[in-house]
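I have placed the structure first, in the form of structure tokens, so that the comments after it can refer back to it.
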Amino acid sequence: MDTTSILPPSLLAERLESLAYLYHRADAAVAAFTEASGISCPFGCGSCCEGFVPDILPLEASYVAVYLAAADPGRAYSLVANGLEPRVYEDGRVGCPLYADDTPYHCTVYEARPLICRMFAFSAVRDKRGVPVFSACKLATSGSGVRSATGTELLDSFGVEPPLMADMGTELASIDPDSAGERKALPEALLEALSRVLFLVGMRDDDPLGGGPTIRPTMPRAG
Ligand code: SF4
């Protein structure tokens, strides 16, 4: 995503460039792990997003907001006007509102999805002793049949070590240390970010979104 295409020169634009580079490296590490290990999600599976609403940092929310504003400004303005709530399923699960049933990857902001969405099923965590541990999702397939490993077994078991979520998370927090403690659920974080981003875009001399469409909030029906 080219953040400079719609944002004016700003600290936010610089930080989003750094975040894009971090996402690029996270994607590359995940791709190397999935290719070597044969660990993969079943085709079309979206169960992570159906029972999960990620907590994300303001910078990650801004990345999604810039993506939405550039790719689908009508949707961006509509979300600001009408709000965004987690998706509640009939069976009681509460999922991400950016999920769509009928798209190949299900995520409607796939290119801009947050770090946890990129790494969730393909990264290791540290146990209480600080040792890296990987366990495949119960729905995932494994090319070698190995589904979990710890510490020094990881390389032998999978051919390459899975990326560590905590290490990437630390790098993420270091891009904007002042907001590193401000994680919020995606719907709330994204609405705040959209307001910030659309305001900044409007500050550009050429205002690429033309001030946005005239959208009124949906009014509740009387009675
Ligand atoms: S942002 Fe996309 S990948 Fe992440 S939980 Fe929502 S729908 Fe899933």
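Derivation of every value follows stated rules applied to the coordinates shown; laboratory data play no part. Everything numeric here is computed off the predicted structure, so don't read it as measured data. Cβ: placed from backbone, ideal geometry, glycine included. Neighbour counts: every protein chain shown.
Quick notes on this structure:
- Taking Cβ atoms as reference points and 10 Å as the exclusive limit, the residues near SER18 contribute a net charge of -3, counting Lys and Arg as +1 and Asp and Glu as -1.
- Pairwise label distance in nanometres, ASP178 with ASP205, each label 7 Å out on the Cα-Cβ vector: 2.7 nm
- Sequence-distant residues sharing a close amide H with ALA124 (under 5 Å, placed H): LEU164, MET165
- Projecting the Cα positions of PRO9, GLY202, GLY92 onto the charge dipole of the range 3-203 (unit charges on Cβ atoms of Lys, Arg, Asp and Glu, taken about the Cα centre) puts GLY92 furthest along the positive direction.
- For the pair ARG196 and SER18 in one chain, pulling the backbone fully straight at 0.36 nm per residue adds 62.2 nm over the alpha carbon distance.
- Virtual spin-label span in nm between TYR105 and ALA28, 7 Å along Cα→Cβ: 1.8 nm
- Size descriptor for the range 3-203, Kirkwood hydrodynamic radius: 18.0 Å (Cα pairs only, one decimal).
- Using the average count of surrounding beta-carbon atoms within 10 Å as a protection proxy, the listed peptides 150-160, 86-96, 186-196 rank, highest first, as 186-196, 150-160, 86-96.
- Pair THR170, ALA81: separation of 7 Å Cα→Cβ label points (nm): 4.6 nm
- Two tests apply to each whole DSSP H helix in the chain, Cα reach of 24 Å or more along its axis and mean Kyte-Doolittle hydropathy of at least -0.5, and the ones passing both are 11-37, 186-203.
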